[in-house]
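Below is one structure, written out as structure tokens; comments come after it.
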Amino acid sequence: MVKLADIQQARDTIYDVVKETPILHSSQLSALCDNNLFLKGEHVQTTGSFKIRGATNKVQQVVEDGASSVTAASSGNHGQAVAYIANQLGVPATIVVPEDATTSKLNAIRTYQAKIETCGTTSAERIPRAKELAHKTNGVFIPPYDDPLIMAGQGTVGLEILGQLKDVDVVVVPVGGGGLISGILTAIKETDPRIKVIGVEPELGNDTYLSLQKNKITSITSSTTIADGLRTTQPGSLTFPVVQRYLDELVLVKENEIKNAMYMVMERMKQVIEPSSAVTVAAAMNGKLGITGKNVCCVASGGNIDLVKLGSLFTE
Ligand SMILES: *Cc1c(COP(=O)(O)O)cnc(C)c1O
């Protein structure tokens with residue numbers, strides 16, 4: 001199991017690439033949420049999401065251990081993060097993307113000089129291909145969440161919150177495969193277990209919610225939520241036990257609640273956050289946290305959204 005010391009070690013190695021992101025406060029959203037609301041601004045992180053934290057921690061290590069290339073199977077934030085850090089370290093990267101990946105995402109990966117290979121439409125097709133490519137080239141496949149170095153890297157978000165918001169009562173975190181929340185849980189609960197940590201999933205991507213209910217890893221068939229970073233169909237085998245052990249609560253939000261939260265954050269705070277981030281604000285705005293008058297820190301996990309798509313979300 002990942003320990004606090006692993007996260008502290010990650011902190012000591014990733015900050016040449018990773019930024020300490022700001023904490024933002026909004027009195028208007030605080031009033032709407034009946035809590036004192038803060039955002040942890042990973043939408044302004046290098047590559048536009050927290051994924052660069054885990055990717056940097058992992059890729060630096062495998063390169064130090066002799067890997068001569070890396071691969072990943074994601075057109076989203078993880079793919080961008082792996083492409084970016086590989087380019088920084090001067091190591092070739094191949095990112096395996098689905099046939100229907102959007103041009104804006106492919107362009108971001110290209111900007112970071114990675115090779116793009118197209119394969120199928122599902123991660124079940126992409127992951128074996130990315131592993132095979134790694135195998136052929138003395139490379140290493142970089143998983144998106146189910147890996148101790150990835151989890152430890154993501155956990156540095158938790159260390160930053162502890163340092164920046166001394167009197168935080170509740171931290172609210174989006175849950176996909178569980179890399180981010182398992183890292184944050186380890187950082188926070190092994191430092192100050194009185195701080196509550198609440199996870200949020202879309203109703204349309206409730207695999208961790210179901211897994212907690214059944215007390216074992218449970219899959220959903222597929223997910224169509226607009227929160228594309230949370231479309232995983234089951235929690236990880238390393239991340240889920242951490243969630244089971246430490247998580248205070250997991251709440252669900254609806255698609256229109258996610259959209260509305262994005263809208264409010266843009267309108268009131270002038271910040272562009274992607275749907276996968278907005279689930280945390282959606283939970284706070286719709287009374288799902290079950291608390292009032294507390295210092296609540298919502299993790300704004302990323303800000304990567306195609307602007308044309310963003311517009312189309314609000315034109316009906
Ligand atoms: C990947 C991602 C998540 C979910 O993180 P997991 O580690 O898979 O739980 C949340 N928000 C954004 C913006 C992401 O890119």
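The values are calculated or read from the model by the stated rules, or taken from the named source; none is laboratory data. Predicted, not measured: the structure shown is a model, and the values here were computed from it. In this analysis, Cβ positions are derived from the backbone assuming ideal geometry, glycine residues included, and neighbour counts consider all displayed protein chains. Heads up: the accessible areas ignore ligands, DNA and RNA and are worked out on the full protein's heavy atoms, side chains in. Shrake-Rupley method; radii C 1.70, N 1.55, O 1.52, S 1.80 Å.
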* Structure fact -> With label points set 7 Å from each Cα along the Cα-to-Cβ direction at T122 and N138, the distance between them in nm comes to 3.6
* ³J(HN,Hα) across the range 227-232 via Karplus (A = 6.51, B = -1.76, C = 1.60, θ = phi - 60°), whole Hz, x for Gly/Pro? -> 7, 5, x, 10, 7, 4
* Intensity falloff of the range 205-316 expressed as log10 I(q)/I(0), Debye formula with alpha-carbon point scatterers, at q = 0.10, 0.11, 0.22 Å⁻¹ -> -0.32, -0.39, -1.30
* Excluding ligands and nucleic acids, what accessible area in Å² is computed for Y209 using a 1.4 Å probe, to the nearest 10? -> 70
* For a paramagnetic label modelled at 7 Å from the Cα of R268 toward its Cβ, which residues of the range 23-60 fall within the zone defined by backbone nitrogen distances under 13 Å? -> 25-39
* To do: Quick one: plug the Kirkwood hydrodynamic radius of the range 51-141 (C-alpha pairs) into Stokes-Einstein at 4 °C, 1.567 mPa s, and report D in µm²/s.
  => 103
* Potential extension, K216-L89 segment - 0.36 nm per residue separation minus Cα distance -> 41.9 nm
* To do: Name all residues of the range 54-85 having a backbone nitrogen under 20 Å from the label point set 7 Å from the Cα of T102 along its Cα→Cβ direction, giving them as ranges.
  => 73-84
* Asked: What per residue convex hull volume, in Å³, comes out for the chain when only alpha-carbon positions are used?
  -> 119
* Structure fact -> Note on the chain: contact order normalised by length, alpha-carbon pairs under 8 Å, 6 or more apart, percent, works out to 22
* Can you figure out the FRET efficiency of L32 with Q9, using R₀ = 35 Å and their beta-carbon distance, to the nearest 0.05? => 0.35
